[in-house]
Amino acid sequence: MSSFPRQALALAALALLLLTSCARPFGRQYEYEEEVYIDLDGSATVIVNTSVAALAALHGLDVPLDPGVPVDREAIRDLYTSPVTEVTRVSRPWRRDGRRFVQIRVDVSDVRKLSTAKPFAWATYSFAPQGEGLQFVQQLGPAAGAAVGDVGWDGTELMAVRLHVPSRVTYHNAPSKQVERGNILTWEQPLKARLAGEPLLVDARFGSQRILVLTVALFLAAMAAAAVTVGGLIWWVVRKGRQRALAAG
């Protein structure tokens, strides 16, 4: 086989690989981050990734700021447990920039009631039908603004709300104007602005059909396109081979 057909087949294999794989770049780092995984029935899982200092400053929670004092994971679990929330995980602490961080995973059966839990009381939540789809709104009001002393913040720290929706996004007011990986939206705010109580409005509308159905359809379409491409290249290579055989005969 000549070098050109061999290169064509290699390019086809590369195209197929790209169509059937995806890469996730490293994300931005936040001092405080709420990841809200909303479901079509209004239930949600909220994953909080935060420094211990941010927990104290933003929510006024009683957590140890002295780096020599161990983080009591059960105490943090108790702080996030309420009649409407179930804490399913509190991670082991880790360190970044000299500060301790922790992850808390919380389930709530009705996201509209989330503000009755103290760590989420700074916000109001709504979830309702909107046209042929659904709308989720989270309005963040003033933070506790508790004094935490010098914890190493230099004023560049960020907080964020990241919303994961289960279906196609039809509208959002995320400042980046981008939808990540088809169904993720991000609202950022400087930590100092959040501590000062500057409001943050999260507004997203999305379809009532799960994105899994749409993703499977797109995947199958991509696979079909790749198969047509590879089939066309194989046909071209075979045809060229026959032409050369006839010419040589």
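Note on the range 155-209: among residues that are of a type in the set (Gly, Ala, Ser) and in a strand (DSSP E or B), the one that is surrounded by the fewest Cβ atoms within 10 Å (Cβ to Cβ) is 208.
Taking the criterion of being free of Cβ contacts under 8 Å to residues at least 40 places away in the same chain, among the β-branched types (Val, Ile, Thr) and surrounded by 14 or more Cβ atoms within 10 Å (Cβ to Cβ), the residues of the range 47-78 that qualify are 63, 71, 76. Within the set 87, 108, 102, the sole residue that is modelled with pLDDT of 95 or more, within 19 Å of residue 140 (Cα to Cα) and in the same structural domain as residue 157 (by TED's automatic domain parsing) turns out to be 108. Pairing each residue of the range 158-175 that is among the aromatic types (Phe, Trp, Tyr) with any residue that is at pLDDT below 95 and outside any strand (DSSP E or B), provided the two are 6+ apart or on different chains, yields no C-beta distance under 9 Å. On the stretch given as the range 34-46, residues that are surrounded by fewer than 22 Cβ atoms within 10 Å (Cβ to Cβ) and under 10 Å from the mean Cα position of the chain (by Cα) total 2.
The values are calculated or read from the model by the stated rules, or taken from the named source; none is laboratory data. All values derive from a computational prediction rather than experimental measurement. We place every Cβ from the backbone using ideal geometry, glycine too, and count neighbours over all the protein chains shown.
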